[in-house]
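Peer 1: Pasting a structure below so you can have a look.
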């Protein structure tokens with residue numbers, strides 16, 4: 001996914017935070033998505049004139065990304081910071097839209113990155 005987005009000239013894809021956000025989505029799919037089933041995780045990329053769309057499907061039960069709260073952060077007490085739970089907050093910081101969807105019996109998360117520039121459209125990658 002990263003190579004395709006970078007190859008298409010998506011500027012945001014060159015940043016480390018973009019890579020971390022994609023890794024968080026994939027780790028969550030592996031951890032919660034019914035691992036072990038054939039074709040359990042499917043990824044799609046699509047570049048349009050104004051956005052990069054990334055869809056990750058798995059065979060898990062799914063969740064509503066809007067309903068997941070990030071852990072509280074108190075900079076004065078770093079020893080009390082939660083060790084996990086920041087992934088979705090990172091994803092929301094990178095992508096302009098994060099939505100749940102279902103297709104063909106699979107749960108999916110759709111990430112939308114609005115593009116400032118209007119690059120030439122590239123092919124879809126599945």
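Peer 1: Grab the beta carbon distance between residue 97 and residue 30, set R0 = 25 Å, and tell me the FRET efficiency rounded to 0.05.
Peer 2: Calculated transfer efficiency: 0.65.
Peer 1: While we're on this one: In what sequence, highest mean first, do 24-30, 102-108, 55-61, 6-12 appear when ranked by Cβ atoms within 10 angstrom?
Peer 2: 55-61, 24-30, 6-12, 102-108
Every number here is computed from the coordinates shown, using simple stated rules; none is lab data. These numbers were taken from a predicted model, which means no experiment stands behind them. Cβ atoms come from the backbone with ideal geometry, glycine included; neighbour counts cover every protein chain shown.
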